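S.K.: Pasting a structure here, questions to come.
Since every read-out is calculated from the coordinates, none of them should be taken as a lab result. Because the structure is predicted, anything quoted here is derived from the model rather than measured.
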Amino acid sequence: MNLKNAGGVVVALTLMWGCQNSTKNQDNQSTESSPQGQPMPGQEQLMQQAKDVTDEELTQFMSAMEHMQIINQSAQQEMVGAVQQQGMEVERFSEIMQSQQDPNQNANATSQEMEQYAAVNKSIEEVQIRATQEMEEKIVEAGLTLDRYQEIGAIVQSSPELQQKLQSMQPSAE
């Protein structure tokens, strides 16, 4: 199986780090307002928080986010490689993983598969730890604290205006 076909299954293996796809969620966002067009309670606070994010911080956030995507893609490839190195198919690993997390699912794994699964899990943990450290370093190198990066990410997710600003900062995909 090539990596392109494994893409859907790799989701189960990916690292989750706040807001990597925040700019892609714009279509799923809606702004709430009362029937009179006035902001709902809490929305004013979000609007103020969005105004508190400076252009410099947005640039720093974008830089860190770009590094996150690169690190995440590399980690995904390493995780798929770890699965395949143990002689498993990514789909089978995913089935076993889901059965481990959901007692209602049974993957009917053999003892050999469970040994392979355990070995892969250990490798994936190591990749995740290293990738998380790299991500944290890139956030700091971009000029943000980890808390501020996550805070900006949460604000961006709730602010279509900031999402639009971030999208305009991204190089156009060709």
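S.K.: Could you pull the Cα extents of the range 76-145 along its three principal axes, largest to smallest, in whole Å?
M.R.: 49, 27, 16
S.K.: Stretch Gln150-Gln101 to full length: gain in nm at 0.36 nm per residue minus the Cα-Cα span?
M.R.: 14.9 nm
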